[in-house]
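Peer 1: A single structure is presented below for examination.
The values are calculated or read from the model by the stated rules, or taken from the named source; none is laboratory data. Bear in mind that the values here come from a model prediction, so they are computed numbers and not experimental data. Reconstructed Cβ throughout: ideal geometry from the backbone, glycine too, with neighbour counts over all protein chains shown.
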Amino acid sequence: MANTTFSGPVRSEGGFEVVDKSSTGVYTTSLDIASDGSIDLTYSSASTGGTNIEPVVVENTMTGAGGLAGRSRFQLNADAALGSYSNALKAITVYGASGSTSGLGSAAVMEMTMSAGTSSGTYAPVEVELNMPANASTGTATSLFYTSVNGDDASTFDDNGFVMNIAGLTAGSSKAFASNGSIGNVDEITHGLKVKIGSETYYLLLANAANFAD
């Protein structure tokens, strides 16, 4: 069928599908927009390197002074007691039995590029906001960050993993990774979180009480 150009909206009561037809006549759906508005996109690639594989690209260029946001938005509205978990956005990477990454693998990457123009303002690749309107409750245990290690072999991470891995910092006096001074009284310090900064391992010292000695 030849390409068809429409001058108005395209409507379908039963949804919309983009399909691939094999040489044997078998159809495989790669994009499905259901009649209830849900979208299912399936993509596969046999690329062996050279270019980034990006099945979905959303790019916005803002040129108006004073413009706001510029983001894509995922919003979950909950007005009922939901089940054991709820999320507005989920990113997941699944490695199979022979799957791996030669460098750094992650489920989500947040990247920001600074310039000579960023001489004022506050910048951070990750912004976390917890809104507390009037009469809001903090439930059982509310925090700005929640992390967990799951699975039958979680103890392997306990023995070999890091709570954080920070790269690109250089230790020194008055630097972001400060290395000046020492602790004079360690009586209250009982625990530590293992972190990696560069190629070195450090422990963030923790105390189980707030009655620190001067």
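Peer 1: Taking Leu206 as the residue in question, decide whether it is in contact with a His (Cβ under 8 Å, 6 or more places away or on another chain) and either closer than 30 Å to Thr48 by Cβ or not in a loop (DSSP other than H, G, I, E, B) (or both).
Peer 2: On the way: in contact with a His (Cβ under 8 Å, 6 or more places away or on another chain): yes; either closer than 30 Å to Thr48 by Cβ or not in a loop (DSSP other than H, G, I, E, B) (or both): yes.
So Leu206 fits the description; yes.
Peer 1: Looking at Thr156, Thr190, can you tell me which residue is under 30 Å from Gly49 (Cβ atoms) and outside any loop (DSSP other than H, G, I, E, B)?
Peer 2: Residue meeting the stated conditions: Thr156.
Peer 1: Picking from Ser137, Ser155, which residue would you name as being modelled with pLDDT of 95 or more and surrounded by 10 or more Cβ atoms within 10 Å (Cβ to Cβ)?
Peer 2: Details: Ser137 fails: surrounded by 10 or more Cβ atoms within 10 Å (Cβ to Cβ).
One residue alone meets the criteria, Ser155.
Peer 1: Taking Leu144 as the residue in question, decide whether it is free of Cβ contacts under 8 Å to residues at least 60 places away in the same chain, of a type outside the set (Ser, Thr, Tyr) and part of a strand (DSSP E or B).
Peer 2: Numbers: free of Cβ contacts under 8 Å to residues at least 60 places away in the same chain: yes; of a type outside the set (Ser, Thr, Tyr): yes; part of a strand (DSSP E or B): no.
Spelling it out, it is not the case that Leu144 is free of Cβ contacts under 8 Å to residues at least 60 places away in the same chain, of a type outside the set (Ser, Thr, Tyr) and part of a strand (DSSP E or B).
Peer 1: What number goes with the only condition from (1) among the hydrophobic types (A, V, I, L, M, F, W, C); (2) surrounded by 10 or more Cβ atoms within 10 Å (Cβ to Cβ); (3) modelled with pLDDT under 80 that Leu205 does not pass?
Peer 2: So Leu205 meets the others, but not (3).
Peer 1: Can you name every one of the strands (runs of 3 or more DSSP E) wholly within region 1-100 that holds 1 or more residues which are over 24 Å from the mean Cα position of the chain (by Cα) and surrounded by 10 or more Cβ atoms within 10 Å (Cβ to Cβ)? Full working, then the answer.
Peer 2: Working: elements: 16-21, 27-33, 39-41.
Where strands (runs of 3 or more DSSP E) fall fully within region 1-100 and carry at least 1 residues being over 24 Å from the mean Cα position of the chain (by Cα) and surrounded by 10 or more Cβ atoms within 10 Å (Cβ to Cβ), they are 16-21, 27-33.
Peer 1: Could you give every pair whose Cβ atoms fall below 7 Å, whose first residue belongs to region 148-168 and is within 16 Å of Gly192 (Cβ to Cβ), and whose second residue is surrounded by 10 or more Cβ atoms within 10 Å (Cβ to Cβ) and of a type in the set (A, V, I, L, M), counting only separations of at least 6 or pairs across chains?
Peer 2: Pairs found: Phe162/Val195; Val163/Leu193; Val163/Val195; Met164/Val195; Ile166/Val195; Ile166/Ile197.
Peer 1: While we're on this one: Among (1) at pLDDT 95 or above; (2) more than 29 Å from Gly139 (Cβ to Cβ), which single condition is Ile92 missing?
Peer 2: (2)
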